[in-house]
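**Q** There's a structure below that I have some questions on.
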Amino acid sequence: MVLVLRGKPKNLASFIVSGSFDKFKDILATHSPILSFRNPSSFLQLSNGIFTPKTISARSHSTASSNRQTMVKHPRSMSEKITNLDDALQLFDEMTQRQPLPSVVKFNQSLQAVAKMKHYSCSIELFKQMNVVRVPVDAYTINIVIKCCCQMHHTSEGFAVLGYGFKRDISPDVCTFSALLNGLILEDSVLKAERLFKKLIKEELCEPDTIMYTTMIKGLCKFGNNDTAIALLKLMDRSGCKRNVVTYNTIIDSLCKDQMVDDAFNLFKEMVFHKGILPDVITYNSLIHGLCNLCRWDEVSKLLKEMEDDRISPSVNTFNILVDALCKEGKVEDANCVINIMIQRGKDS
DNA sequence: GTAGGGTTAG
């Protein structure tokens, strides 16, 4: 991977104003084929069309909420968690009817609450409703909606939302691009993700951070490209970007799956002894799984002991890995012992 | 006063 080290990030809004918006055109043209940049006005019309809301209101999403007689108690602050979809929708409906309208932050929190419940299409509907009542959306809104599109494997629509943002002078940032990269990876378009990532760095369109690097590493590992993933890990260092346990776990797991357990252990040691990053149960599970696949039982026992010393409790995944591996080896009695330990631990906790 | 990644088992 040929990558240019990061430089001073530029203000993306200034690109648009100064005509450097051209730089983004090909990003959109590549990833959002429904838009045409030969005719900018067609782009604007299309982006309007895409985000024209359906006639349904937030309230009509749920008969349960419309039948409800009692009003939802208003959270005094949005920090009070909304964990129920009906409540979230009803609150949103009520917000749209207030005069003056609540701040965009309140609306964003509403969208986010719905997205967190994984009701992505519903969250997108609320965004359309925000447009109807003319809430001035911001970068947070855009990023939530892009994430929703991407999680639904509709990444090209995510890019269309990016275009919608440009139209309103809302600049994309590292969160926007991370969500889009993740969308491409979810759809197995890792090459597209790689191209976009390189472009972002080369043209200094945003400064990658831990999340963005980890996302790219995940994509590379997904397609067995461990070498490039490790190269990216090194680039993180050179760029002054901190790695975390998730970054390491992603590569360690990939190496273990490819039976490169010794390489995985080298990374493990680097993580713990050079970077001072503590492993977690996921790190151990990946390593144990890798060792089990190679029937390196002594080392499995050693790792389990190490976990105990580190006060990291085995998870149900740990037990599943062990039971599965022992059964495959015909060690049914041992598997039974492991199950009994698991049951006993369940009783103790 | 909000947003992006979240890795592991069967």
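The values are calculated or read from the model by the stated rules, or taken from the named source; none is laboratory data. Since the structure is predicted, the reported quantities are computational estimates derived from the model, not experimental observations. Here Cβ is always computed from backbone atoms with ideal geometry, including for glycine, and neighbour counts include all displayed protein chains. We work out accessible area using only protein heavy atoms, side chains counted, and drop any ligands, DNA or RNA first. Shrake-Rupley method; radii C 1.70, N 1.55, O 1.52, S 1.80 Å.
**Q** On the full set of protein chains, 1.4 Å probe, figure out the accessible area of A:F273 and give it in Å² to the nearest 10.
**A** About 150 Å², ignoring ligands and nucleic acids.
**Q** If you don't mind, another one. Modelled label-to-label distance, A:D309 and A:E203, 7 Å Cα→beta-carbon offset: nm?
**A** 5.2
**Q** How big is the accessible area of A:T83 in square angstrom, nearest 10, if you roll a 1.4 angstrom probe over the protein chains?
**A** Here the residue's solvent-accessible area equals roughly 110 Å².
**Q** What distance in nm separates the simple spin-label points at A:N244 and A:K116, each placed 7 Å from Cα in the Cβ direction?
**A** 1.6
**Q** Under a cut-off of 20 Å between alpha-carbon atoms, report the aspartates and glutamates in cross-link reach of A:K81, not counting same-chain residues fewer than 8 places apart.
**A** Output for A:K81: A:D93, A:E94.
**Q** Still on this model: Taking the C-alpha atoms of the range A:279-349, how large are the radius of gyration and the largest Cα-Cα span, Dmax, in Å?
**A** 11.5, 32
**Q** Work out how much length A:K347 to A:K222 would gain on full extension: take 0.36 nm times their residue separation and subtract the Cα-Cα distance, in nm to one decimal. Spell out each step's value before the answer.
**A** On the way: separation 125, 0.36 × 125 = 45.00 nm, distance 3.75 nm.
Length difference between fully extended and current span is 41.3 nm.
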